[in-house]
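*Asks:* Dropping the structure in here first, questions after.
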Amino acid sequence: MDSSTPDSGSSGHRTPEIDPRVRRRTLLIFLGFFGGGILLSIIWMSFEVRRVKNIERPRTSPAQPSAPPAASPGNSQVPFNTNGMVFIQGGMFLRGSDKGAPDEQPVREIRVNSFWMDATEVTNDQFTEFVKATGYITVAERKPDAAQFPGVPPEKLVPGSAVFRSPEGDPDLSEFLTWWEYRPGANWRHPEGPSSNLSGRGNHPVVHVCWLDAIRYAEWAGKSLPTEAEWEYAARGGLKSSDYCWEGNLTPGGRWMANIWQGSFPKVNDIQDGFQTSAPVKSFPPNGYGLYDMAGNVWEWCADLYLPTYYASCPSDNPPGPDTSFDPNEPGVAKRVQRGGSYLCSDVYCTGYRPSARMKSTPDTGLSHSGFRCVKR
Ligand SMILES: [Ca+2]
């Protein structure tokens, strides 16, 4: 026996020698198959993950839903809030109030088309974006045109706006000018005058904006001001003939539902709702359509001219507002409609927070309780 030959063991057989080149080739083939299998698995899993992600991804942008949500007045609408706006499904409603002022009558059934509406009043932060983008200067920040104020001394023609202040003595509620003061330097940036600012009020509604300012903002935002009919339809939130934007009385369950005035207007504000002037938007519950502050906080501009007799003769289908304006309290002065009431409205004066209540003002007038919100059709 060749001593160099390894012993095969007790069997007495010998294992045949394997050529190292064959062994290497076999190993390479095995590793090739194994590695290829892993690579194919990774590729397959990658395709699967991508496919699942595509299924889960929304097919439309959140700002452009492919189908509006089901909603109709009288039904409990699930608020569909998109990009700060709420979809309002069109329909019929009873506009006006038999218990309200003469210009809220006659009560008539009105139809409006579907539209989108800002969930909140336009805030200081939102208006700041507009001004930064456009350089727009509001009417209250401009020097008044002497031609529009004949007889006013030039030194009195300074930029400013009207600010509420509690009057001295025992005011006559019919003399509303006793609690309004034209304050030089008051404007949306300085709500109470030059010494005030917007610090901590970014989410409060912008004020001291007149109708002309609101129109410019709406154009920039690609929106519009609501018609008066759209505004009231939205404010009612699907409720029929309710006196308020909610069900029940002014304070259901003892809860204040809007930022208004409590106490003896215009002298004593008890601030039972927690806010003496404007409140941050969304401080109070939304109405049935998911809209906030449709009652109280600040008055909101509508597109319509004001005409007290319009309800008797207007079309019942999407009334666009009258072609002319008339205010018996100030004949010859064209005015635009405001809605919703403000933090100055109380149950003994104005009650403008009722969804049927109407207010009017000249389009170049901004006040410390006047703001707006927009719609998109
Ligand atoms: Ca209040």
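Each value in this text was obtained by applying a stated rule to the coordinates, not by laboratory testing. Here the structure is a predicted model, which is why all the values come from computation and not from measurement. All Cβ positions, glycine included, derive from the backbone under ideal geometry; neighbour counts span all protein chains shown.
*Asks:* Which far-off residues, 5 or more places away or on another chain, put their amide H under 5 Å from the one on Lys360, with H placed in the peptide plane?
*Replies:* Gln338
*Asks:* Estimate the FRET efficiency between Glu181 and Ala147 by the formula 1/(1 + (r/R0)^6), using the beta-carbon distance for r and 22 Å for R0, to the nearest 0.05.
*Replies:* Details: r = 24 Å, r/R0 = 1.09.
Given R0 = 22 Å and the Cβ-Cβ separation, E is 0.35.
*Asks:* Can you spot the lysines whose alpha carbon is less than 17 Å from Lys156's alpha carbon? Ignore those fewer than 8 places along the same chain.
*Replies:* Cross-link targets: Lys143.
*Asks:* Hey, another quick one. So which lysines pass the test for Lys223, namely a Cα distance under 27 Å, with those fewer than 8 places away in the same chain ruled out?
*Replies:* Reachable lysines: Lys132, Lys282, Lys335, Lys360, Lys376.
*Asks:* For Gly91, list long-range residues whose amide hydrogen, built 1.01 Å from N in the peptide plane, is under 5 Å from its own amide hydrogen.
*Replies:* Val112
*Asks:* What distance in nm lies between label points placed 7 Å from Cα along the C-beta direction at Asp170 and Asp317?
*Replies:* Between Asp170 and Asp317, the label points sit 5.7 nm apart.
*Asks:* Could you run the Karplus curve 6.51 cos²θ - 1.76 cosθ + 1.60 with θ = phi - 60° over segment 219-228 and give me ³J(HN,Hα) per residue in whole Hz, x for Gly and Pro?
*Replies:* Using θ = phi - 60°, the values come out as 4, 4, 7, x, 10, 9, 7, x, 5, 5 Hz.
*Asks:* Alpha carbon centre of segment 200-267 versus segment 331-352: separation in Å?
*Replies:* 11
*Asks:* Please give the peptides 321-334, 223-236 ranked by average Cβ packing (other Cβ atoms within 10 Å per residue), highest first, as a rough proxy for protection.
*Replies:* 223-236, 321-334
*Asks:* Here's a follow-up. Which value in nm describes the separation of the simple spin-label points at Thr82 and Glu192, placed 7 Å from the Cα toward the beta carbon?
*Replies:* 4.2
*Asks:* Near the amide H of Arg373, under 5 Å away, which other amide H atoms are found, from residues 5 or more places off or on another chain, if H is placed in the peptide plane?
*Replies:* So Arg373 has HN proximity to Val122, Trp301.
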